[in-house]
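This report concerns only the one structure given below.
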Amino acid sequence: QVQLVVSGGGLVQPGGSLRLSCAASISIFSFTAMEWYRQAPGKERELVARRPRTGSRIYADSVKGRFTMSTDNDKDTVYLQMNSLKPEDTGAYYCRAQDPSQDYWGQGTQVTVSS
């Protein structure tokens, strides 16, 4: 069974940084895409960043220039580096992996941006 383990959330002041990790139990090359989503209280879950197996990464307009998605293939882990955090970045962050047959979700990690 594929597992995605998410870590790295926390409380940070506006302007601060956090790095989220999503460690897969299988090779990330197995997936056609990996993504980061977030969900703020009372709002729908939204796509933050996407890394297809081939092609360019894409980012939500609200995080472009501040968030960067990267991978460590040796560790089968994807990261979301979040800089210049704003209060509106607050929410639960999730990792999602897609393969040709189904999607897999990691557990959420809470990010709170507040002074």
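The values are calculated or read from the model by the stated rules, or taken from the named source; none is laboratory data. Just so it is clear, the structure is predicted and the values come from calculations on it, not from any experiment. Cβ sites come from the backbone with ideal geometry, for glycine too, and all protein chains shown count toward neighbours. These area figures cover heavy atoms from the full protein model, side chains too; ligands, DNA and RNA do not enter into them. Shrake-Rupley method; radii C 1.70, N 1.55, O 1.52, S 1.80 Å.
Below is a table of values for the structure above.
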item: Charged-residue dipole, Cβ positions (Lys, Arg, Asp, Glu), segment 52-115 about Cα centre, Debye nearest 20; result: 180
item: Whichever lysines have a C-alpha closer than 16 Å to that of LYS86, once near sequence neighbours (fewer than 8 apart) are set aside; result: LYS64
item: Surrounding net charge for ALA23, when Lys and Arg each add one and Asp and Glu each subtract one, Cβ distance under 10 Å; result: -1
item: Portion, in percent, of the accessible area of the chain that falls on carbon or sulfur, probe 1.4 Å; result: 44
item: Percentage, to the nearest whole number, of Cα pairs in the chain over 16 Å apart; result: 56
item: Within the chain, percent of DSSP bridges classed antiparallel, to nearest 5; result: 90
item: Debye, to nearest 20: dipole size of segment 20-90, +1 on Lys, Arg Cβ, -1 on Asp, Glu Cβ; result: 140
item: Length-normalised contact order for the chain - Cα pairs under 8 Å, 6+ apart - percent; result: 37
